[in-house]
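A.B. asks: So that we are looking at the same thing, I have put the structure below in structure tokens.
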Amino acid sequence: MISEPLIVEQGVSAGDHWVTVGSGSIRDALAELKKDGFTLLVFLTCVDHLADSSRQWPARYELVYELRNLEKPEQIRVRAFIDGDPPHIDSVHDLFPPANWEERETYDMFGIIFNDHPDLSRILMPDDWVGHPLRRDYPVGGEVVEFSEEHETWQTPPEKA
Amino acid sequence: MGVEALAESLGRNILTTTLGKVVGWGRGNSVWPAQFGLACCAIEMIATATAGVDIGRFGSEAFRASPRQSDLMIVSGRVSQKMAPILRTIYDQMPEPKWVISMGACASTGGIFNNYALLQGVDKIVPVDVYIPGCPPRPEDLLNALMILQERIKAQGILPQQ
Amino acid sequence: MTDTITQGVTVTKTGEKGAFGGELLTVNFGPHHPSTHGVLRLIVDLDGEQVRSLKPVIGYLHTGIEKQMEALRWQQGVTVTDRHDYLSPPINNLAYALAVEKLMGVVVPPRADALRVIMSELTRLSSHLVWMGTSGLELGAMSMLMYCFRERDTILDMNEEISGFRMHTSYIRPGGVMADATPRFLEMLDRFIHDMPGHVDEYENLLTNNPIWRSRTIGIGRLSAEDAKVLGATGPMLRGSGVAWDLRRSIPYSGYENYDFEIATSDMCDCYGRYLVRIKEMREAVKILRQALDRLPDGPVNVDDRKMLPPPREELETSMEAVIHHFKLFTEGYSVPPGDVYVAVESGRGENGCYVVSDGTHKPRRVKFRSASFVNLQALEQMSLNHMIADMVAIIGTADTVLGDCDR
Ligand code: SF4
């Protein structure tokens, strides 16, 4: 388990156990969990909390790491909050190899820079694409549908809609 | 030999027609599609080629892997912004005359995905002859589109208008 | 070192020497290639015919599904989940539905659970059939395509009977299923369960001892159990390496703990092992279907919650309250309490999960699909190193990636 000083907050959401750690200590936290048998990184992603009023968020971007212990079936979710332009966090690709592509995807979609990643390039969008599509201030895009208010709102970023 | 006798003996063996009709008939009944599966619709396209539906009855069972050997491109599925230039390259590599069927809602208009990632209709980059609605269209729909296309090809004659 | 940009991706040539003194040859494979199972692109360094390094390039089918989900209301999102892994639509529906239900704290009635299991197993069968047909085709067994698609069509007919649509059924929805099974569906299912084992024998007759199939798959694409675990592989890729990990057993959902079935594994760790696993899984799926059909409970198929699902048609004519609920549901939808949840289900390819974040409004804040293909594809390099380039076709085939699932 993660040692006490690293934990910022912990709780349970809809039955899933989660722990928040400081963004600087994400590698230490995950390494400790790996030693405890949480060897599978199920997924890694980011949530953009721009203009999210459901609670007070410490920062705009929330990195989410879901780990699983294959022996016990046990899962834990580790969160880290980061800000900045562009936001930075340490890469964990050497601890969990599947993180390699997941981090590239998160970079592509949210513009998060993973320090020390071996090949941080776009993976889903073309190399010359501008912007990071899954950020909340990136419009959904597509085409305007005439006489449809709903589609008009899709053109603008979700926050203004 | 009298004229009547000549007409009688040759009439059974000679068929008069225009060259355009013959060429159109030949082209229309041997449309070879390029194997160009993109997404979900491609699975239904494969299903069209199998025994139950059998596109071979219409002379189109020869799905070619190389665009150089095909005259029909069935765009079966959603075309992303990353794929669009490649699709156009493949279209350019096909020899004339060539036709395009846009299969499914995504290829025709973007379908339910009105967003940044998809090309909103493949007709933005290649000319489309027949659109098939549906998400995905049934294999029968693809056959129907093929028959419509065949009628057109037959009507076009020697020089299909581009 | 020379860099060239081709079709949106940077390719680096290192100028290294191969074993026979020649230069390594960089070959581009795809994205429009008949044997890459969709629009996958590989940049391969070849030494003669041997693969020395391999870089998959994906994203040619990126559909913006996750962004689209954020723009749609909770109940509209179901239609989108169908289309990301297009060989197993109901299983994707199930992951999303379970996630939303868990956040809202609702539990579906037992009949809905049983119908969900039936649809999941039918889908698993049809997904494996498509896999076997197309992989057989790529390795030269053309008749497999015809046989497999015959049974797949039977399954699609059943889909049509129960939901009105062949492929993208959207049958499983948050709060239950779309409609109850019709008597005709149950009849068709019964006949199908009766016939299917014989068909599986037929496939085995064609492939299992076929010398060409064996020589093209045995010993090809080895992935040891250790590597598979480290690389995060799931599904038949992991079970084909001898690890008995199946989410239906380890973290059961929808009442899978009540069914009696075996986890298919194989110790061969190669393409042939993965093939055996899938064949076995097809047999097990038929077993599960039989149990589910025999024990199908009676009762409603939806939760009785007017805030989440529309009232039945008859009620609309007599009750004002029902009309209001109906109107609200279809103009602004329901909202889901804030929080996040991750639910994983076992699809034909491995762990397909759905991570949902709600901010309490009527649209999701974030929906992330954990896709098995995306993770399994990272093992491709490990599996194909030092193999002939022709064997890569078998390796890509048995990895069974669906690019729609991978690129989302
Ligand atoms: S039209 Fe429907 S079935 Fe066809 S590619 Fe688009 S989403 Fe898939």
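A.B. asks: Which whole number gives the average, over all residues in B:71-79, of C-beta atoms from other chains lying within 10 Å of the residue C-beta?
C.D. replies: 2
A.B. asks: Also: In nm, give the distance between the simple-model label positions of C:GLU202 and A:MET1, each being 7 Å from the Cα along the Cα-to-Cβ direction.
C.D. replies: Distance between the two pseudo-spin positions: 5.7 nm.
A.B. asks: Then there's this: Which value, in debye to the nearest 20, describes the size of the charge dipole of region A:6-108 about its Cα centre when Lys and Arg Cβ atoms bear +1, Asp and Glu Cβ atoms bear -1, and nothing else is charged?
C.D. replies: In debye, rounded to 20, region A:6-108 gives about 260.
A.B. asks: Any chance you could check the Cα centroid distance between region C:54-78 and region B:64-122 for me, in angstrom?
C.D. replies: Using only Cα atoms to place each centre, the spacing works out to 19 Å.
A.B. asks: Can you list the trypsin sites (Lys or Arg not before Pro) in region B:1-88 that are in a DSSP coil and have 10 or fewer other beta carbons within 10 angstrom?
C.D. replies: Numbers: sites: B:ARG12, B:LYS21, B:ARG27, B:ARG57, B:ARG64, B:ARG68, B:ARG78, B:LYS82, B:ARG88; in loops: B:ARG12, B:ARG78, B:LYS82.
Those satisfying the criteria are B:ARG12.
A.B. asks: Given a cut-off of under 8 Å on Cα pairs at least six residues apart, what relative contact order in percent is computed for region B:40-155? Spell out each step's value before the answer.
C.D. replies: On the way: 180 pairs, mean separation 32.0, N = 116.
Computed value for region B:40-155: 28 percent relative contact order.
A.B. asks: Other chains' Cβ within 10 Å of A:84-96 residues: what's the mean? List each step's numbers first, then the result.
C.D. replies: Working: counts 0, 0, 0, 0, 0, 0, 0, 0, 0, 0, 0, 0, 3.
So the per-residue partner count for this stretch is 0.
A.B. asks: What is the calculated FRET efficiency for B:MET147 to B:ALA5, with r their C-beta to C-beta distance and R₀ = 51 Å, to the nearest 0.05? Could you put the intermediate results ahead of the total?
C.D. replies: Values: r = 43 Å, r/R0 = 0.83.
With R0 = 51 Å, the Cβ-Cβ based efficiency is 0.75.
A.B. asks: Another question, if that's okay. Taking B:LYS21 as the anchor, which lysines have their alpha carbon closer than 28 Å to its alpha carbon, excluding any fewer than eight residues away along the same chain?
C.D. replies: Hits, sequence-local ones excluded: B:LYS98, B:LYS154.
A.B. asks: Shielding of C:241-252 by partners, i.e. mean partner chain Cβ atoms within 10 Å per residue? Don't skip to the end; give the middle numbers.
C.D. replies: Details: counts 0, 0, 1, 0, 3, 0, 1, 0, 1, 4, 4, 1.
Mean partner shielding for this stretch: 1.
A.B. asks: With a 1.4 Å probe on protein heavy atoms only, tell me which residues of region B:108-128 lose at least 40 Å² of accessible surface in the complex relative to the chain by itself.
C.D. replies: The answer is B:ILE112, B:PHE113, B:ASN114, B:ASN115, B:TYR116.
A.B. asks: If you roll a 1.4 Å probe over the heavy atoms of the protein chains, what accessible area per residue do you get for the protein assembly as shown, in Å²? Walk me through the numbers before you get to the answer.
C.D. replies: On the way: 28260 Å² over 731 residues.
Heavy-atom SASA per residue in the protein assembly as shown reads 39 Å².
A.B. asks: Given R₀ = 51 Å, what would the calculated FRET efficiency be for C:GLU49 paired with A:ASP85, taking r from the Cβ atoms and rounding to 0.05? Kindly include the intermediate steps, with their values, before the conclusion.
C.D. replies: Numbers: r = 48 Å, r/R0 = 0.95.
In this case the efficiency is close to 0.60.
A.B. asks: Choose one answer from B:PRO137, B:PRO95, B:PRO67: the residue with the largest mean-square fluctuation in a GNM of chain B with alpha-carbon springs under 10 Å.
C.D. replies: B:PRO95
A.B. asks: Which of the three applies to region B:40-155, rounded, prolate or oblate, going by the alpha-carbon gyration tensor with a ≥ b ≥ c and a/c under 1.5 meaning rounded? Please list the in-between numbers first.
C.D. replies: Working: a/c = 1.68, a/b = 1.25, b/c = 1.35.
In terms of gyration-tensor shape, oblate.
A.B. asks: Any idea which of A:VAL42, A:PRO126, A:PRO98 is furthest toward the positive side of the dipole for region A:4-134, if Lys and Arg beta-carbons carry +1 and Asp and Glu beta-carbons -1?
C.D. replies: A:VAL42
A.B. asks: Continuing with the same structure: Chain pair C, B: how much accessible area is buried, both chains summed, with a 1.4 Å probe, in Å² to 100? Write down the numbers at each step before the final one.
C.D. replies: On the way: alone 17290 and 9180 Å², together 23520 Å².
Chains C and B together bury approximately 3000 Å².
A.B. asks: I've got another one for you. What's the carbon and sulfur percent of the protein assembly as shown's accessible surface, probe 1.4 angstrom, rounded to a whole number?
C.D. replies: Working: 15370 of 28260 Å².
Exposed carbon and sulfur together represent 54 percent of the surface.
A.B. asks: Note the buried accessible area between A and C here, summed over both chains, with a 1.4 Å probe, in Å² to the nearest 100. Before the final figure, lay out each step's value.
C.D. replies: Numbers: alone 9290 and 17290 Å², together 22690 Å².
Roughly 3900 Å².
A.B. asks: Would you work out the relative contact order for chain C, in percent, from Cα pairs under 8 angstrom that are 6 or more residues apart?
C.D. replies: 24
A.B. asks: Looking at region A:1-78, which GluC sites (Glu not before Pro) are in a loop (DSSP not H, G, I, E or B) and have at most 12 other Cβ atoms within 10 Å?
C.D. replies: Loop-located and lightly packed - A:GLU71.
A.B. asks: Take each of the peptides C:90-98, A:42-50, average the number of other beta-carbon atoms within 10 Å over its residues, and list them starting from the highest.
C.D. replies: Working: C:90-98: 27.3, A:42-50: 22.8.
Going from most to least packed, we get C:90-98, A:42-50.
A.B. asks: When chain C is modelled as a GNM with alpha-carbon springs shorter than 10 Å, which of C:THR318, C:THR154, C:THR63 fluctuates the most?
C.D. replies: C:THR318
A.B. asks: Describe numerically, in nm with one decimal, the distance between label points set 7 Å from Cα along Cα→Cβ at B:ILE158 and at C:MET320.
C.D. replies: Result for the modelled spin labels: 7.9 nm.
A.B. asks: Continuing with this model, one more query. Could you name the lysines whose alpha carbon sits less than 28 Å from that of A:LYS72, not counting residues in the same chain fewer than 8 places away?
C.D. replies: A:LYS34, A:LYS35, C:LYS102, C:LYS229, C:LYS280, C:LYS287, C:LYS368
A.B. asks: Still on this structure, I have one more. What's the longest uninterrupted piece of chain A once you rule out the trypsin sites (Lys or Arg not before Pro) that are loop residues per DSSP with at most 11 other Cβ within 10 Å?
C.D. replies: Numbers: sites that count: A:ARG55, A:LYS160.
Longest stretch, sites excluded: A:56-159.
A.B. asks: Rounded to the nearest 0.05, what FRET efficiency do C:LEU293 and A:ARG55 have when you use their Cβ-Cβ distance and R0 = 56 Å? Display every interim value, and only then the final one.
C.D. replies: Working: r = 46 Å, r/R0 = 0.82.
FRET efficiency, C:LEU293 to A:ARG55: 0.75.
A.B. asks: Looking at region C:133-234, which trypsin sites (Lys or Arg not before Pro) are DSSP coil and have at most 12 other C-beta atoms within 10 Å of their C-beta? Intermediate values should be presented prior to the final figure.
C.D. replies: On the way: sites: C:ARG150, C:ARG152, C:ARG166, C:ARG184, C:ARG191, C:ARG214, C:ARG216, C:ARG222, C:LYS229; in loops: C:ARG166, C:ARG222.
Nothing satisfies the criteria.
A.B. asks: Continuing with the same structure: Could you check the spin-label model distance between A:HIS151 and B:GLN93? Points 7 Å from the Cα along Cα→Cβ, value in nm.
C.D. replies: Between A:HIS151 and B:GLN93, the simple spin-label model gives 3.4 nm.
A.B. asks: How would C:ILE212, A:ILE7 line up by accessible area, probe 1.4 Å, largest first?
C.D. replies: Working: C:ILE212 110, A:ILE7 40 Å².
Descending accessible area places them as C:ILE212, A:ILE7.
The values are calculated or read from the model by the stated rules, or taken from the named source; none is laboratory data. This structure is a prediction, so every number in the text was calculated from the model and none was measured. Cβ sites come from the backbone with ideal geometry, for glycine too, and all protein chains shown count toward neighbours. Protein only, heavy atoms only, side chains kept; ligands, DNA and RNA dropped before computing areas. Shrake-Rupley method; radii C 1.70, N 1.55, O 1.52, S 1.80 Å.
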